[in-house]
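The structure appears below as structure tokens.
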2 protein chains.
Amino acid sequence: MIRFSKKVEYALMALKFISASSPRLVTAREIADKVNIPYDLLSKILQRLKSEKILTSTQGTHGGYILANSPDKIFLQDIMKAIDGDRALTECLVAGKEGECNLEESCSIKSPVSKLQKEVEDLFRTKTISDFV
Amino acid sequence: MIRFSKKVEYALMALKFISASSPRLVTAREIADKVNIPYDLLSKILQRLKSEKILTSTQGTHGGYILANSPDKIFLQDIMKAIDGDRALTECLVAGKEGECNLEESCSIKSPVSKLQKEVEDLFRTKTISDFV
DNA sequence: TCTAAATAGGACTTGTTTAGTCCGCTTTCC
DNA sequence: GGAAAGCGGACTAAACAAGTCCTATTTAGA
């Protein structure tokens, strides 16, 4: 059908791990080891989650990550957006890229695909990481 | 979020065009011109749709394509599968590839993702190309 | 105040996938 | 026999995803 990026998979596993360890701070190294994800890659992922306010971090020795919100307020959609950026079923449905399709005028499927897009979004918007336990 | 491949987009546009032209036979050349899709690429797509029994074709002069079924019996899921093959949100959810994930044992998100996969499938399984008018 | 442990983040490499092209074959009608 | 159509393998190029490398910064504690 349609695939998660590896990074999103890793993000979900990491978030679940952090959630399960709450309220303790968890380090990237610990997650990488326990969940078996390349450390450098995971670091990037956690940093993105932090910059999108899904995680908060503490630097320095004894630093680490912790959820920025309760698990039932962290939505799948936000996680995906944080990691992969804005996406949609088609390029022309991505906010800000509407005009870039050279089929624009003749496009015969825009409106039904747009409707489908909304339905997919509804699915992802309602899932939180507390569903991932 | 998550994206259609260009080929699936083209398939949808082509199928809609063929559906609208029914019961006339339509050539790949005509679709390519009207819908503005590279001819060679479109040919491949139509051939796959044919081999998956979504279209029937007639060879030779005055040949062309026509839907193999009524539009409301041609499901989005089948179109996507015909073009892109078996896919799922994660590799390990694709039938026949279950064992290939090295996180298998430790994977903490398999069951919730599997549930989500079913929900996404439900969405795609119920859509037909008659919804694309 | 030095060091170790942690996050932060840019730059790069590698591998895979997608999109698209090229070319020759077969089928069928006139 | 030739033109118009589908059939289909092999290839190329560009884009993207995944992963690596390296260096800086922050902080706690000896």
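Quick notes on this one:
- Looking only at residues of the stretch B:50-104 that are basic (K, R) and farther than 15 Å from B:A28 by Cα, we find that the one that is modelled with the lowest pLDDT is B:K97.
- Residues in the stretch A:64-78 that are surrounded by 14 or more Cβ atoms within 10 Å (Cβ to Cβ), over 14 Å from A:P23 (Cβ atoms) and touching a helix residue (DSSP H, G or I) at 6+ places or on another chain (Cβ under 7 Å): 4 in all.
- Residue list for the stretch A:118-133, restricted to those being open to solvent by 10 Å² or more (accessible area, probe 1.4 Å) and either closer than 14 Å to B:F124 by Cβ or out of contact with any strand residue (DSSP E or B) (no Cβ under 8 Å at 6 or more places or on another chain) (or both): A:K118, A:E119, A:E121, A:D122, A:L123, A:S130, A:D131, A:V133
- Figure legend. Inter-residue proximity from the stretch A:51-63: first residues open to solvent by 100 Å² or more (accessible area, probe 1.4 Å), second residues near DNA strand D (Cβ under 7 Å from one of its atoms) and among the hydroxyl-bearing types (S, T, Y), beta-carbon distance below 8 Å, spacing 6+ or different chains. No pairs are indicated.
- Test for B:K81: is it open to solvent by 40 Å² or more (accessible area, probe 1.4 Å), within 14 Å of DNA strand D (Cβ to nearest atom) and among the basic types (K, R): no
- Residue within the stretch A:53-71 that is within 14 Å of chain B (Cβ to nearest Cβ) and of a type in the set (A, V, I, L, M, F, W, C) present: no
- Filter pass, A:A88 being within 14 Å of chain B (Cβ to nearest Cβ), closer than 26 Å to B:L76 by Cβ and aliphatic (A, V, I, L, M): yes
- Residue within the stretch B:15-25 that is open to solvent by less than 90 Å² (accessible area, probe 1.4 Å), within 14 Å of chain A (Cβ to nearest Cβ), within 14 Å of DNA strand C (Cβ to nearest atom) and modelled with pLDDT of 95 or more present: no
- A single entry from B:S108, B:S130 fulfils the requirement of being polar (S, T, N, Q), assigned to a loop (DSSP other than H, G, I, E, B) and either within 20 Å of B:L49 (Cβ to Cβ) or facing chain A (nearest Cβ under 8 Å) (or both): B:S108.
- B:A28 vs. criteria within 14 Å of another protein chain (Cβ to nearest Cβ) and within 16 Å of DNA strand C (Cβ to nearest atom): no
- Unmet requirement for A:A32, which otherwise passes all of (1) exposed (fewer than 14 other Cβ atoms within 10 Å of the Cβ); (2) within 11 Å of DNA strand D (Cβ to nearest atom): (1)
The values are calculated or read from the model by the stated rules, or taken from the named source; none is laboratory data. Given the structure is predicted, the values throughout are model-derived calculations rather than measurements. Counting neighbours? That spans all protein chains shown, and the Cβs are built from the backbone with ideal geometry, glycine included. Please note that ligands, DNA and RNA were not included when accessible areas were found on the heavy atoms of the full protein model with its side chains. Shrake-Rupley method; radii C 1.70, N 1.55, O 1.52, S 1.80 Å.
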